[in-house]
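Read-outs throughout are calculated quantities, based only on the coordinates presented, and are distinct from any laboratory measurement. None of the values given here were measured: they were computed from a predicted structure. Note that we place each Cβ from the backbone using ideal geometry, even for glycine, and neighbour counts take in every protein chain shown.
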Amino acid sequence: MKKLVLNVMLFICALGFSQKKLPSVTLKNLEGTTVSTTQNFIEKDKVYVYCFWATWCAPCIQELDAINEVYEDWKSQANVEVIAVSIDDARTNKRVKPLVNGKGWEYTILMDTNQDFKRALGISNPPFTAVVKNGEIVFTQNGHTPGSENQLLEQIKALK
């Protein structure tokens, strides 16, 4: 019986760490256009980096600033697109557009105001990054430390 329980637990853990499909969620971009995570970001062999952030999250803004500094290098080295998903709620989402414009970020910005996308991925706290290729989540990173954008690029380049 103990072996059976152990095997079931190992199987469940393996499922939790295996690749999984990106959930299908519809969100709005900064212009108010509705987009779908599984219909609009589906270019074959392109790597999509979903960065979940909020205006009130200092490490999130640090991460997006750090990626912004090297984003052109990323695009020259890999077929990659960064999608910054704001999880600001109805009270704080009016801060998103001014912050993005002030920072000069060239990312695709999506608004997850109801946090449906965040919940579908089981994210507890930002910053959270999910790397997706061909609809499959191939790497995740929770939190931000200076220099982690370089490690993220190495993960992206390894997907070629």
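Structure values in brief
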quantity	calculated
Top-ranked residue in the stretch 124-160 [being among the β-branched types (Val, Ile, Thr) and touching a Phe, Trp or Tyr at 6+ places or on another chain (Cβ under 6 Å); ranked as surrounded by the fewest Cβ atoms within 10 Å (Cβ to Cβ)]	Val131
All positions within the stretch 62-85 that are farther than 14 Å from Tyr50 by Cα and of a type in the set (Val, Ile, Thr)	Val70
Filtered residues of the stretch 103-113 (kept if more than 17 Å from the chain's Cα centre (by Cα) and not in a helix (DSSP H, G or I))	Gly104
Close pairs from the stretch 101-124: first over 26 Å from Glu72 (Cα atoms), partner hydroxyl-bearing (Ser, Thr, Tyr), Cβ under 7 Å, at least 6 apart	Phe117/Thr37
